[in-house]
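J.: Got a structure for you, written out below as structure tokens; questions coming shortly.
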Amino acid sequence: MDAGLYIVGTPIGNLSDLSFRAVDTLKEADLIVAEDTRHTRRLTERHGIATRMMSCHKFNEVQRAEQIIVRIQNGEAIAMVTDSGMPGISDPGARVVALCREAGVMITSIPGPAAVTTAVALSGFGEKGFIFAGFLPHKSGGRKRDLLKWAEADLPVVFYESPYRLIKLMGEIEEHLGAERTVFVGRELTKKFEELSTGTPAEIRTQYEGRNVKGECVVILQPSP
């Protein structure tokens, strides 16, 4: 492999969703930098990948980027993965890419699954495009601000949300955007207990109230009528 940074998309749930090209890249790279090496080891063991790994997460990303650049300049091929999906999309990796680009080293991508595109495809809302807004803030004031910012968007707006705040978010959508707004929720995408729901905030809330909800959720707001 040529020296450079290889951004590798990994499964968002089902470990069989790793592409042939991604497997080859992870096997042939000199080093895999991973958001959580323990998590990624489950994937590499499943696919017979024995490449050395090094952690690269949001708390050490800049420091690791400096090390990655030196390694690439010394002729190494570095594969970068996160726990799931595409690095740099509401996950660590964007700062590594930016600093590698500034350093003038080769960067390429081995594309793979992403929760945002998977959910948009499942929702049926995305024919004309969509807006990806990532994670909402944790505090109520910031959440209200962000929801109101997208209130009149003429495209579906996609958020990532923790299952522990899903019911809270339905109440906030109802309060700030209206009780009749149509919402799509995708939970545990590609996994055994994948769950897809479409309805008003109240209907979604009723479906999830009283349950021990697990797994990251993708929430899509249908454009305002």
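J.: Name every residue in the range 27-45 that is surrounded by 13 or more Cβ atoms within 10 Å (Cβ to Cβ) and closer than 28 Å to Phe193 by Cα, in order of residue number.
T.: Ala34, Glu35, Asp36, Thr37, His39, Thr40, Arg41, Leu43, Thr44
J.: Can we say Ile107 is buried (at least 20 other Cβ atoms within 10 Å of the Cβ), among the aliphatic types (A, V, I, L, M) and modelled with pLDDT of 95 or more?
T.: When the stated conditions are applied, Ile107 does not pass them.
J.: Out of the residues in the range 57-88 meeting the condition of being in contact with a helix residue (DSSP H, G or I) (Cβ under 8 Å, 6 or more places away or on another chain) and without any contact (Cβ under 8 Å) to a residue 40 or more places away in the chain, tell me which one is nearest to Asp30 (Cα to Cα).
T.: Taking the candidates together, the pick is Ile69.
J.: Listed residues Met80, Met86, Met106; which is under 25 Å from Leu169 (Cβ atoms) and aliphatic (A, V, I, L, M)?
T.: When all the criteria are applied, what remains is Met86.
J.: Sort through Ile49, Ile78, Ile69 and tell me the only one that's in a loop (DSSP other than H, G, I, E, B), among the hydrophobic types (A, V, I, L, M, F, W, C) and closer than 21 Å to Ala34 by Cβ.
T.: Sole residue among the options that is in a loop (DSSP other than H, G, I, E, B), among the hydrophobic types (A, V, I, L, M, F, W, C) and closer than 21 Å to Ala34 by Cβ: Ile49.
J.: Let me ask you something else. Can you name the residue in the range 141-160 that is farther than 13 Å from Leu221 by Cα and in contact (Cβ under 8 Å) with a residue 24 or more places away in the chain and is also surrounded by the most Cβ atoms within 10 Å (Cβ to Cβ) among such residues?
T.: Among them, the one singled out is Arg143.
J.: Do the conditions hold for Val183, that is, is it touching a Phe, Trp or Tyr at 6+ places or on another chain (Cβ under 6 Å) and modelled with pLDDT of 95 or more?
T.: no
J.: Failed condition for Val62, given (1) among the β-branched types (Val, Ile, Thr); (2) out of contact with any strand residue (DSSP E or B) (no Cβ under 8 Å at 6 or more places or on another chain); (3) in a strand (DSSP E or B), with all others met?
T.: Status for Val62: all satisfied but (3).
J.: Going through the range 177-199 one residue at a time, which ones are closer than 15 Å to Pro225 by Cα and not small (Gly, Ala, Ser)?
T.: Hits for the range 177-199 are Leu177, Glu180, Arg181, Thr182, Val183.
J.: Would a scan of the range 178-185 turn up a residue that is within 18 Å of Ile131 (Cα to Cα) and of a type outside the set (A, V, I, L, M, F, W, C)?
T.: Yes, because at least one residue in the range 178-185 is within 18 Å of Ile131 (Cα to Cα) and of a type outside the set (A, V, I, L, M, F, W, C).
J.: Restricting attention to the range 34-46, which residues are touching a Ser or Thr at 6+ places or on another chain (Cβ under 9 Å), in contact (Cβ under 8 Å) with a residue 24 or more places away in the chain and either of a type in the set (Asp, Glu) or not in a strand (DSSP E or B) (or both)?
T.: Matches in the range 34-46: Glu35, Asp36, His39, Thr40, Leu43, Arg46.
J.: Given the criterion on the phi < 0 side of the Ramachandran plot, over 15 Å from the mean Cα position of the chain (by Cα) and of a type in the set (Gly, Ala, Ser), identify the matching residue among Ala133, Ala119, Ala151.
T.: Just a single option satisfies the conditions, and that option is Ala151.
J.: Failed condition for Asp17, given (1) more than 12 Å from Ala79 (Cβ to Cβ); (2) modelled with pLDDT of 95 or more; (3) out of contact with any strand residue (DSSP E or B) (no Cβ under 9 Å at 6 or more places or on another chain), with all others met?
T.: Against the list (1) more than 12 Å from Ala79 (Cβ to Cβ); (2) modelled with pLDDT of 95 or more; (3) out of contact with any strand residue (DSSP E or B) (no Cβ under 9 Å at 6 or more places or on another chain), Asp17 comes up short only on (3).
J.: What's the number of the condition Met53 fails, among (1) free of Cβ contacts under 8 Å to residues at least 60 places away in the same chain; (2) closer than 12 Å to Gly85 by Cα?
T.: In the conditions (1) free of Cβ contacts under 8 Å to residues at least 60 places away in the same chain; (2) closer than 12 Å to Gly85 by Cα, Met53 misses (2) alone.
J.: Looking at the range 97-114, can you tell me whether even one residue there is assigned by TED's automatic domain parsing to the domain that holds Glu76, in a helix (DSSP H, G or I) and touching a residue at least 60 places away in the same chain (Cβ under 8 Å)?
T.: Within the range 97-114, one or more residues are assigned by TED's automatic domain parsing to the domain that holds Glu76, in a helix (DSSP H, G or I) and touching a residue at least 60 places away in the same chain (Cβ under 8 Å).
The values are calculated or read from the model by the stated rules, or taken from the named source; none is laboratory data. For clarity, every value in this text was computed on a predicted model and none was experimentally measured. Every residue, glycine as well, gets a Cβ built from its backbone with ideal geometry; the counts of neighbours run over all protein chains shown.
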